[in-house]
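Okay, so here's the structure we're looking at.
The values are calculated or read from the model by the stated rules, or taken from the named source; none is laboratory data. Given the structure is predicted, the values throughout are model-derived calculations rather than measurements. Quick reminder, even Gly has a Cβ in these numbers, built from the backbone with ideal geometry, and neighbours come from all protein chains shown.
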Amino acid sequence: MWRDTLLVAGKDLRIEARSRVALSQVVPFGVVALVLFAFALGPDRTRMAAGAPGLFWLAVLFCAVLAVQRSVAVESVDGARDGLRLSGLDPAGLFLGKASAIAAQLIVLEVVLGVGVVLLYGARITTPWLIVASCLLGTLGLAATGTLYGALSAGLRVRETLLPFLLLPIAAPVLLAGTRIWQAGMAGGTAADGSQWLRLLVVFDAVYLALGVVVYGPIQESA
Amino acid sequence: MAPPDPSPPAVFLRHAVALSGRFPLLTGVDLTVARGETVLIEGPNGAGKTSLLRVCAGLVPLSSGRVAVFGLDPVRQSNGVRRRIGLLSHASHLYDDLSVRENIRFAVRAAGGEVARIEDACARLGLTGRLAKTTAAKLSAGQRRRVALAVLVARWPELWLLDEPHAGLDASARSVLNSLVADAAASGASVVIASHEPEFVGSLATRAVTVTGGRVTAERRIAAAPAEPRDQPPAALVARADGVPGGRVAHVA
Amino acid sequence: MSATRVPPPLSPRARWTVRSIGAAAAVGMALTVWLGLWVTPPDQVQGNLVRLVYIHPGVAWVALYLAFGLAAVASLLYLWPRTRSLFWDRLAAAAVEVGVVFNVCTLVSGSIWGRPTWGVYWAWDARLTLTAILLVLFLGYIALRRLPADPEKRAKRSAFVCLFAAVDIPIDHFSVLWWRTLHQGATVLNPDLSPTIHGSMAWTLLISFLSLTLVFVWMLLVRYRIGVLEDWLGSGELDVALRQRQAEGSSAGTADGATGTDALGTGPREPVPSLVPTPSSPDPAGVVAAGHPAVPERAR
């Protein structure tokens with residue numbers, strides 16, 4: 001299973017390295033979202049700094065949808081998805097591989113957006129480890145659920161509109177938890193507030209990673 | 001009479017009915033392909049030839065009837081069977097952003113094949129030099145077909161399912177393909193070729209099955225005729241294909 | 001020949017059961033309305049507004065726990081290979097659809113109650129938020145089911161979506177609860193809607209719960225029956241399609257007999273066998289007799 005994970009993740013990341021879709025389209029979209037949020041919330045710096053955690057995670061969530069769409073689209077061309085099924089790859093490995101590739105892209109995105117939030121909204125980070133932990137755990141959760149829902153909607157013609165509708169409500173706990181942890185990690189928060197939410201994220205990640213490993217095979221067969 | 005074969009046949013279908021939504025793809029297929037046999041599936045467009053191959057590969061589940069590949073259900077027991085099957089379909093399963101070499105490497109490694117055989121496979125199909133480094137997006141349809149074939153050659157599975165393999169290939173590629181099929185049959189692999197242009201298949205197959213309306217409607221034996229001048233296989237192969245009555249090769253490599 | 005096909009009939013006992021549940025539900029609701037509006041006294045604090053307690057918690061209980069719980073269990077049973085049957089899939093779908101109706105009623109009744117009590121139509125308290133998330137998840141399930149697909153694929157996909165949503169609900173519950181209570185800002189609104197209950201109000205509350213449950217069950221059964229009929233209709237089309245496909249084979253065989261098979265000119269050609277379905281071909285009648293759209297081998 002791990003060998004297949006590395007194989008698939010490597011393939012997806014190599015494709016990304018060649019096509020640079022995440023770097024040239026998804027990340028800039030995230031930055032554009034941050035700018036638009038600023039227009040929406042007005043020029044008051046204190047208000048924006050207070051809203052920074054939520055806006056960061058909102059932007060990450062929307063970009064995650066795009067990253068998942070891209071990951072699914074890669075397999076839709078030339079019947080590649082059938083090819084993966086025929087190859088006898090371990091479905092769990094396939095799931096983890098695709099989720100890892102999405103996670104890697106999201107981490108890069110979060111670094112860029114994090115810098116953007118600090119610069120554009122004047123947010124100030126007091127407890128960096130909380131911020132980093134929330135990003136890592138949140139990314140895992142988004143990647144896991146995204147890969148699952150991507151597979152569920154893979155064969156559908158209306159995937160582009162259906163996937164966000166299905167994925168975003170499920171990802172709501174990540175948004176809630178991420179925002180709260182960031183608030184704890186910024187001016188005025190304490191570690192205690194944050195750790196409870198971190199535990200929630202751990203549970204969320206564990207549940208969806210375990211589910212994915214188990215059901216990805218049957219989902220593939222029904223696509 | 002040949003002695004009874006103790007191991008299960010390569011492909012076994014009984015009353016196979018397959019659906020896609022409400023549309024019936026197969027309406028009751030009965031077919032048995034013995035190990036080492038080469039069978040031609042012929043029929044008009046839309047007859048169900050592609051669906052038949054996909055059922056054998058385990059991509060399409062049956063809604064009634066039985067299917068067994070090497071004795072196992074290709075959908076429910078896919079673990080034991082997928083890596084022993086190779087399907088060459090209309091789509092080539094290539095990733096547009098990767099090069100030919102990378103695509104083949106990924107496909108072979110994903111299927112558990114040996115990486116060492118990739119070089120030979122590429123050489124045999126003329127995918128060397130600059131072509132090997134070309135991104136898949138820039139390939140022509142015939143070249144994509146050759147890449148998919150190279151994957152098959154590198155994997156050398158026990159059951160070859162070829163869906164209209166000659167379509168889109170030029171004459172030299174077609175003769176390479178025919179020699180490959182002959183080699184596969186000689187090595188004991190079972191081959192099923194679906195084609196609505198059986199003149200290209202020539203004497204590769206020993207049996208031809210006609211599929212129309214989603215089921216088998218006719219069957220005939222093909223005598224091992226001497227090679228047609230148009231599709232002259234390389235001389236080295238003539239000795240193997242000739243002189244074997246009924247064309248059935250019993251030994252397993 | 002196929003025009004005289006009749007849908008699988010409802011057995012007399014089933015018909016009687018559905019009717020009596022419907023009747024009991026109607027009686028229960030009438031009782032609730034009478035008790036709720038006339039017999040029970042108004043609350044000291046909330047006045048007549050408290051009468052909404054006979055609706056709101058009841059529909060909330062049905063929507064959140066009964067309907068969704070049933071859908072989740074049914075989906076799980078569908079996915080489990082040993083108990084796989086389209087019955088569970090249809091049940092889950094019916095439960096979700098009825099659940100959506102009750103969910104909307106929960107939100108609306110909560111809203112009506114909230115406006116005079118809190119001054120706003122909506123407040124982000126834990127329960128309302130959770131109900132809203134649940135509604136969106138349900139709607140996603142329904143959206144997925146509307147897409148045309150073969151019944152087993154659709155059933156599998158829907159079951160997975162329901163499963164993922166069911167797993168998400170406890171996590172959402174805690175998230176939203178902590179979100180409300182751990183938030184740094186003070187909560188101005190008191191989200192507690194339940195007044196103190198005793199006496200006739202308690203009885204009426206119990207009756208309202210029972211009646212609403214009966215209404216749910218009745219709607220579930222009716223919706224399930226509609227699902228059966230829809231699938232039966234689809235399988236009839238399948239039957240016709242199977243015959244047409246087989247027929248297309250023969251006409252193509254005789255008309256295009258020369259295509260592609262002459263070129264070799266080797267060996268004798270066998271005649272195309274007759275078109276009457278031989279015993280060896282699958283019996284489409286099996287599909288009709290079973291009355292189920294699925295696969296005779298796997299049908300229940």
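Of all the residues in region C:85-95, those that are of a type in the set (D, E, K, R) and either surrounded by fewer than 19 Cβ atoms within 10 Å (Cβ to Cβ) or under 14 Å from C:VAL222 (Cβ atoms) (or both) number 1. The set of residues from region A:180-196 being in contact with a Gly (Cβ under 7 Å, 6 or more places away or on another chain) and either more than 10 Å from chain C (Cβ to nearest Cβ) or modelled with pLDDT of 90 or more (or both) comprises A:ILE181, A:GLY185, A:GLY194. Only one of the numbered conditions (1) crowded, with 16+ Cβ neighbours inside 10 Å; (2) farther than 18 Å from C:TRP179 by Cβ is not met by A:ARG157, and that is (1). Here region B:62-82 is the region considered, the condition is being in contact (Cβ under 8 Å) with a residue 24 or more places away in the chain and among the basic types (Lys, Arg), and the residue that is nearest to B:ILE193 (Cα to Cα) is B:ARG82. Pairing residues of region A:1-23 that are without any contact (Cβ under 8 Å) to a residue 12 or more places away in the chain with residues that are surrounded by 15 or more Cβ atoms within 10 Å (Cβ to Cβ) and of a type in the set (A, V, I, L, M, F, W, C), at Cβ distances under 7 Å and at least 6 apart in sequence or on separate chains, gives A:ARG14/B:LEU98; A:ARG18/B:LEU98.
Residues that are among the polar types (S, T, N, Q), within 18 Å of A:ARG159 (Cβ to Cβ) and within 13 Å of another protein chain (Cβ to nearest Cβ) within region A:65-98 comprise A:SER71, A:SER76, listed in sequence order. Within region B:80-101, if we keep just the residues that are within 7 Å of another protein chain (Cβ to nearest Cβ) and surrounded by fewer than 20 Cβ atoms within 10 Å (Cβ to Cβ), the residue that is farthest from the chain's Cα centre (by Cα) turns out to be B:ASP96. Take A:VAL8 and decide whether it is surrounded by fewer than 21 Cβ atoms within 10 Å (Cβ to Cβ), modelled with pLDDT of 90 or more and assigned to a helix (DSSP H, G or I). Answer is no for this residue.
The criterion of at least 2 residues that are within 13 Å of another protein chain (Cβ to nearest Cβ) is met by the following helices (runs of 4 or more DSSP H) wholly inside region B:105-223: B:141-155, B:198-201. Could you check, for region B:5-13, whether at least one of its residues is free of Cβ contacts under 8 Å to residues at least 60 places away in the same chain, within 12 Å of chain C (Cβ to nearest Cβ), of a type outside the set (Ser, Thr, Tyr) and touching a Ser or Thr at 6+ places or on another chain (Cβ under 7 Å)? Among the residues of region B:5-13, not one is free of Cβ contacts under 8 Å to residues at least 60 places away in the same chain, within 12 Å of chain C (Cβ to nearest Cβ), of a type outside the set (Ser, Thr, Tyr) and touching a Ser or Thr at 6+ places or on another chain (Cβ under 7 Å), which makes the answer no.
The single condition among (1) more than 9 Å from every other protein chain (Cβ to nearest Cβ); (2) under 16 Å from C:GLU248 (Cβ atoms); (3) in contact with a helix residue (DSSP H, G or I) (Cβ under 8 Å, 6 or more places away or on another chain) that B:SER51 does not satisfy is (3). For region B:37-44, state whether one or more residues are surrounded by fewer than 22 Cβ atoms within 10 Å (Cβ to Cβ), more than 7 Å from every other protein chain (Cβ to nearest Cβ) and modelled with pLDDT of 85 or more. Within region B:37-44, not a single residue is surrounded by fewer than 22 Cβ atoms within 10 Å (Cβ to Cβ), more than 7 Å from every other protein chain (Cβ to nearest Cβ) and modelled with pLDDT of 85 or more.
Sort out which residues of region C:107-128 are assigned to a loop (DSSP other than H, G, I, E, B) and surrounded by fewer than 16 Cβ atoms within 10 Å (Cβ to Cβ), and write them in order of number.
C:GLY119, C:VAL120, C:TYR121, C:TRP122, C:TRP124
Looking across region C:68-83, just one residue is part of a helix (DSSP H, G or I), surrounded by fewer than 16 Cβ atoms within 10 Å (Cβ to Cβ) and within 12 Å of another protein chain (Cβ to nearest Cβ), and that is C:PRO81. Annotation note: of C:VAL59, C:VAL136, the sole residue that is under 17 Å from the mean Cα position of the chain (by Cα), at pLDDT below 90 and of a type outside the set (D, E, K, R) is C:VAL59. Please specify each residue of region C:96-106 satisfying the condition of being surrounded by 21 or more Cβ atoms within 10 Å (Cβ to Cβ) and aliphatic (A, V, I, L, M). Passing the criteria: C:VAL96, C:VAL98.
Go through region C:137-166 residue by residue and tally those that are β-branched (Val, Ile, Thr) and buried (at least 17 other Cβ atoms within 10 Å of the Cβ).
Matching residues across region C:137-166 total 1.
Taking (1) more than 14 Å from chain A (Cβ to nearest Cβ); (2) under 18 Å from the mean Cα position of the chain (by Cα); (3) small (Gly, Ala, Ser) in turn, C:SER158 satisfies each apart from (1). Going residue by residue through region B:45-61, is there one that turns out to be touching a residue at least 24 places away in the same chain (Cβ under 8 Å), under 24 Å from C:ARG154 (Cβ atoms) and either in a strand (DSSP E or B) or of a type in the set (Asp, Glu) (or both)? Looking through region B:45-61, none of the residues is touching a residue at least 24 places away in the same chain (Cβ under 8 Å), under 24 Å from C:ARG154 (Cβ atoms) and either in a strand (DSSP E or B) or of a type in the set (Asp, Glu) (or both).
Going by what's in this entry, would B:VAL176 be described as modelled with pLDDT of 85 or more and touching a helix residue (DSSP H, G or I) at 6+ places or on another chain (Cβ under 6 Å)? So B:VAL176 fails the test.
Can you go through B:THR128, B:THR135 and tell me which one is more than 25 Å from B:GLY43 (Cα to Cα) and in contact with a strand residue (DSSP E or B) (Cβ under 7 Å, 6 or more places away or on another chain)?
Matching residue, one of B:THR128, B:THR135: B:THR135.
Hey, among A:GLY155, A:GLY114, A:GLY79, which residue is part of a helix (DSSP H, G or I) and in contact (Cβ under 8 Å) with a residue 24 or more places away in the chain? Within the list A:GLY155, A:GLY114, A:GLY79, the selection yields A:GLY114. Just give me the residues in region B:14-34 being at the interface with chain C (Cβ under 7 Å from one of its Cβ atoms), assigned to a strand (DSSP E or B) and without any contact (Cβ under 8 Å) to a residue 40 or more places away in the chain, in sequence order. Within region B:14-34, B:PHE23 is the sole residue that qualifies.
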